[in-house]
1. Quick check on the stretch A:179-269: take the gyration tensor over C-alpha atoms, sort the square-rooted eigenvalues as a ≥ b ≥ c, and tell me if it's rounded (a/c under 1.5), prolate or oblate.
2. I need the phi-derived Karplus couplings for the stretch A:235-247: 6.51 cos²θ - 1.76 cosθ + 1.60, θ = phi - 60°, integer Hz, Gly and Pro marked x.
3. Might you list the cysteines of the protein assembly as shown that have no disulfide-compatible partner by the rule of another cysteine's Cβ under 4.7 Å?
4. Once the whole set of protein chains is in place, how much accessible area is left on B:Arg57, using a 1.4 Å probe, in Å² to the nearest 10?
5. What relative contact order, as a whole-number percentage, does chain A give when Cα pairs under 8 Å and 6 or more residues apart are counted?
6. Within the stretch A:1-30, what residues put their amide N at less than 19 Å from the label point 7 Å along the Cα-to-Cβ vector of A:Tyr76?
7. Give me a comma-separated list of calculated 3J(HN,Hα) values for the stretch B:180-194, in order, Karplus coefficients 6.51, -1.76, 1.60 applied at θ = phi - 60°, integers in Hz, x for any Gly or Pro.
8. Ignoring ligands, DNA and RNA and using a 1.4 Å probe, state the total buried accessible area between B and A in Å², rounded to the nearest 100.
2 protein chains.
Amino acid sequence: MQRPVAWILSIGNELLIGRIVNTNASWLGEKLTLDGFLVRRIITVPDSLEDIAEEVRRAAERARVVITTGGLGPTYDDMTLQGVARAFGLKLVLNPEAKKMVDKFYSSRGLPLTEERLKMAYLPEGSKPIPNPVGAAPGCLLEVGDTLVVSLPGVPSEMKSMFEQYVEPVIKKIAPPLYTVECSLIIKGVPESGIAPYLKTIAKKNPAAYIKSHPKGHELEKPVLDIRVLLSLPDKEQALSTARTIIGEIRSKASTLGGTIEREYCVIKS
Amino acid sequence: MQRPVAWILSIGNELLIGRIVNTNASWLGEKLTLDGFLVRRIITVPDSLEDIAEEVRRAAERARVVITTGGLGPTYDDMTLQGVARAFGLKLVLNPEAKKMVDKFYSSRGLPLTEERLKMAYLPEGSKPIPNPVGAAPGCLLEVGDTLVVSLPGVPSEMKSMFEQYVEPVIKKIAPPLYTVECSLIIKGVPESGIAPYLKTIAKKNPAAYIKSHPKGHELEKPVLDIRVLLSLPDKEQALSTARTIIGEIRSKASTLGGTIEREYCVIKS
């Protein structure tokens, strides 16, 4: 089974003018890849109804799953769902379930449900709201033809928790089953800057793997590194053996550089 | 005069799978905005000839300036210029000037000019090469109809120095003349985390301004912050007065929080 295609649309002028770096898109890109999707576009779109509708429509023609982030808030320039609705010729309608969510968020804080706030409960007809455990704006799930359009807020903590809690369980059913292996290797005595070029080379040889080093001690005096290897493959044994080969290469490079291995483990998740 | 439109195309699978964060695009987004352009899209495109050609063609139909980053290197998956050529039905031809650049880079390091390396000197017909003061791959400037397509390497240090040295002088002639004001405010006694929410609010009120804080001392024991305000406007006086108003708001917030102002200045560049 081929990996289904995913497109990511990041909505917001602040991204286009470079005021913030698009870390949401790279986080989603990694998640979707590990969940079995082929991410083919990340598109940053201005806060403009026409542009959002254009890009949502194009994405839906090309991708099985479209994830949008940003533009769900209460202000006039938050117009993602209006753009999604326009893309498919749908109306925005007050969703009773979404209204409850928004109402609960504000009433629990002793705040009134103003018109601006209620705006967040209007979803394209036929959508399902996604609860927001962190902030006020619900997300939105909409199936159009063979495409699932998922709209999430732009605040990273809200986006991430909603994606993990509510979106991943749904989209994992769309992708072929993959086995994700995560390994950790604790190395003492090698500074991150010393091993970084080798990790880059190893990563380049293994395009399916994510290799990340997390410094845990003092970089030069008492360097301790937690090196994580993460990869997803359809075959369980192959996923495990590939991860172990990578870990083996890192281990041998670390000892050449004078490091000692403190701990090593691999876990497999399906 | 209206701001001309710019699109940014970031090319590379490593961005789509989230292995790296697209800091190039935000750096360019800020530069282009301050240079007088309206950045309307940032599109991350896979290392695929068809996809690159499709997005370059679409960008050229919509933007006055298109900047691509990545995919200029010597390996088989570096195919940006091939994609640019295909977008406009042009041939890739060995550019004598680009050949000299690549040759000089390798011969000064005692390395031979292999076929893979020579590949970097093939540009779409009618292009001009952009010298690369840091690495091997030249960039490429191509005028097609009313659009300027600029291709730069993906390595941030190469991309940035080429953009500043060779691209900005060219594209600044396309944009209306703007005055850029940069102000700096050194504040003692306020930790960055204390003033951050206020800076965010002030930035939101002033969409044309970039407000950044750089901690210079110890965050909690001896906090020293260098707060920079950067903005570009067509009117010199207005640029200066807007920047001073913002600086004034930050200064008064800082003293409310118990901080003292160590230094303050604004410079104006055209």
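The values are calculated or read from the model by the stated rules, or taken from the named source; none is laboratory data. Just so we're clear, the structure is a prediction, and the values are computed from it rather than from any experiment. Neighbour counts are summed over all protein chains in view; Cβ atoms, including those assigned to glycine, are modelled from backbone coordinates with ideal geometry. With ligands, DNA and RNA removed, areas are computed over all heavy atoms of the protein, side chains included. Shrake-Rupley method; radii C 1.70, N 1.55, O 1.52, S 1.80 Å.
1. Prolate shape, in that a/c is at least 1.5 and a/b is the bigger ratio.
2. 9, 4, 5, 5, 4, 5, 5, 4, 4, 5, 4, 4, 4
3. A:Cys140, B:Cys140
4. Around 100 Å² of this residue is reachable by solvent.
5. 17
6. Answer for this model: A:12-14.
7. Taking θ as phi minus 60°, the curve returns 9, 10, 10, 10, 10, 9, 9, 10, 9, x, 10, x, 4, 5, x Hz for the stretch B:180-194.
8. Buried area between the two chains comes out at roughly 2500 Å².
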